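No value in this document is a laboratory result; all are computed from the given coordinates. Quantities reported herein were computed from a predicted structural model and do not represent experimental measurements. Cβ sites come from the backbone with ideal geometry, for glycine too, and all protein chains shown count toward neighbours.
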Amino acid sequence: MASLRQQIATTALTLTKFRELMKRMLENRPQDDLSLVKKAYDYSLKHHEGQSRASGEPYLVHPLEVALVLSEMKMDPVAVAAGLLHDSVEDTSVTIVDIRKEFGEQVAHIVEGVTKISKIDFATREEQQAENLRKMMLAMVDDIRVVLIKLADRLHNMRTLEHLPEERRHKIAEETLEIYAPIAHRLGMGKIRGELEDLGFRFLDPVGYEQVEKSVNARRKEGEAFLAKMQQIISDKLKEAGIQARVESRIKRLFSIHKKLQRQRITVDQVYDLCAMRVVTRSLQDCYAVLGIIHNLWRPVPGRIKDFIAMPRPNF
């Protein structure tokens, strides 16, 4: 009876996740045929049946969470289907030949690429060696969707890392900071990179993480109020100038602040760029116009302005 109840609960959980996935796919890609995604879900459900993760959750929750991250990236049905199937070859009796037969060459090619990356031993303590491993990982793939699935896979693994033994947690967190977060940065995926870094920091240095988190949270309310005020001022000025732009703001990520504290040997009280604001324009001309408006509102600090418009950062 208990086993039946557990089975019903498992089915309900995975079905809820799948419905959430389909809803998000429909919102982000309303023109796409999602039958491939449904087929991949059914296939994963069948082959991962009875398996569970260290957290005690049914194994299928992991591929579903990976697929949800991919749907947030607005990836196509082929990538999302491959995300649902990405662990099938490693963790079930399914082979690449089976995947190719059931889902076609594209899905099989992506799943095979993710499987190959999973077999690389990323254990390293040297900065240069880490860079070589990052290059090797990117050079191994001829379809960027392979890397995106691997990043989504790592992100969900990091979100559930507390269920693993400490030594394993430490190794995975180190690998995340040295390999995966820099790759996300190189691909211009700031949100993914930020969460990977914060999670890696949390598991590698729990005491340091807690200290920074406590200090930032003590200033968060004041910082958010300040940002809201600045955001309104800038938005009003842009409207007056007839410039169409999106104004965004945030409190900086904990790992980013931690690195600054270490690099400059200062305290959180001495971090003057705890808050960040971004104005996204429709053209290069508008970008410079916005900079002019902001300089008219607040005098720039001499020697601190960097023109990343004319000379972009490596990740653009």
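Quick notes on this one:
- Tilt relative to the chain, helix 105-118 - C-alpha long axis, 0 to 90 degrees, to 10: 70 degrees
- Once the Cα atoms are used to define both axes, helix 35-47 deviates from the longest principal axis of the chain by about 60 degrees.
- For Cα Rg over 2.2 N^0.38 Å, calculated from these coordinates, the label among (i) 1.02; (ii) 1.27; (iii) 1.15: (iii)
- Likely footprinting exposure, HIS86, HIS295, HIS62, fewest C-beta neighbours within 10 Å first: HIS295, HIS62, HIS86
- Here MET140, MET75, MET189 are placed in order of increasing Cβ neighbour count within 10 Å, fewest first, which gives MET140, MET189, MET75.
- Ascending count of other beta-carbon atoms within 10 Å, so fewest first, for LEU187, LEU21: LEU187, LEU21
- Our summary gives the stretch 219-297 a relative contact order of 35 percent, counting only alpha carbon pairs under 8 angstrom and 6 or more residues apart.
- Cross-link partners of LYS171 among lysines (Cα-Cα below 23 Å; sequence separation of 8 or more within a chain): LYS116, LYS119, LYS135, LYS150, LYS191, LYS259
- Taking a straight line from the alpha carbon of LYS239, these lysines sit under 26 Å away, with near neighbours fewer than eight places off in the same chain left out: LYS229, LYS306.
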